[in-house]
Amino acid sequence: VIVIDQDPLFLNVNKTTFGLYPWEYDISKIKEIDNYITPDLGFGHFEMNGVELTGSISSGSKYNLSDLFVLGKTLFSGHYHGNKIYHDKEKRKLYMIGSPLQLDWGDYNRDKFIYTLDPVTDTLTPFTNKVNARFEKIFYSALEKNSYSESDLIKLCKNNFVKFVIDVKYQIVRNVVSVPHFYAGEK
């Protein structure tokens, strides 16, 4: 294990150069590196303006996406939790790999991925994370219409964080909420 907490680390693997950068790396420090050549691939925990956050767009950083390409011809970052590919005006790519698992309700209904990179073929392969807990919702309107099968409900609930959403009016009869007979049973 190599901790990259102060200075970047540069590697050459199969004729591909890698730049590994510490969190909150000051891009102006690149000028201090003798014979610096922009690596083929740059990896870091980059902060920048214009990246999609949960419900908004990032702002307030001293860097824009185009500023970061001095760190790599193609960039990979995990600072923001969403996963998306960004391009600058010159068609260079930033892969926002995001968080490999859902962290909060802002991640509801968003698949999360773990990636492998083949630097020889420049192939990035995503693998959907089907192992960790997810944030799921069960809607009363769908439950009332028997839209969920028993296996759907088990899959939604097992090892997940679940919200029960009452999205339609319902009838209370003798202090009991009326629900479809199939779901009111002992299962």
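The values are calculated or read from the model by the stated rules, or taken from the named source; none is laboratory data. Predicted model only: the values in this text are computed from it and were never measured. Because the Cβ atoms are built from the backbone with ideal geometry, glycine has one as well, and the counts that use them run over all protein chains shown. Note: areas computed on protein heavy atoms with side chains; ligands, DNA, RNA excluded. Shrake-Rupley method; radii C 1.70, N 1.55, O 1.52, S 1.80 Å.
Residues being closer than 26 Å to residue 12 by Cα and either part of a loop (DSSP other than H, G, I, E, B) or of a type in the set (D, E, K, R) (or both): count how many of those fall in the range 109-125. The qualifying residues number 5. Just so you know, in the range 2-51 the residues that are among the charged types (D, E, K, R) and over 21 Å from residue 95 (Cβ atoms) include one that is farthest from the chain's Cα centre (by Cα), and it is 34. For residue 59, the criteria (1) open to solvent by less than 40 Å² (accessible area, probe 1.4 Å); (2) over 15 Å from the mean Cα position of the chain (by Cα) hold in every case but one, which is (1).
For the range 121-131, the set of residues classified as surrounded by fewer than 14 Cβ atoms within 10 Å (Cβ to Cβ) and not charged (D, E, K, R) consists of 121, 123, 125, 127, 128, 131, listed by residue number. The condition (being open to solvent by 50 Å² or more (accessible area, probe 1.4 Å) and either β-branched (Val, Ile, Thr) or in contact with a Gly (Cβ under 6 Å, 6 or more places away or on another chain) (or both)) is satisfied by just one residue among 10, 43: 10. In the range 149-180, the qualifying residues are those that are without any contact (Cβ under 8 Å) to a residue 12 or more places away in the chain and within 28 Å of the chain's Cα centre (by Cα), and the one that is most open to solvent (accessible area, probe 1.4 Å) is 155.
So that you can scan it fast, the table gives a plain yes or no per residue for (1) closer than 29 Å to residue 14 by Cα; (2) under 11 Å from the mean Cα position of the chain (by Cα); (3) among the acidic types (Asp, Glu):
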| residue | (1), (2), (3) |
| --- | --- |
| 79 | yes, yes, no |
| 93 | yes, no, no |
| 107 | no, yes, yes |
| 127 | yes, no, no |
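When the test is whether a residue is open to solvent by 80 Å² or more (accessible area, probe 1.4 Å) and within 27 Å of residue 166 (Cα to Cα), residue 146 passes it.
Every listed requirement among (1) in a loop (DSSP other than H, G, I, E, B); (2) of a type outside the set (Lys, Arg); (3) open to solvent by 60 Å² or more (accessible area, probe 1.4 Å); (4) farther than 19 Å from residue 21 by Cα is met by residue 81 save one, (4).
Among the conditions (1) modelled with pLDDT of 90 or more; (2) outside any loop (DSSP other than H, G, I, E, B), residue 39 misses just one, which is (2).
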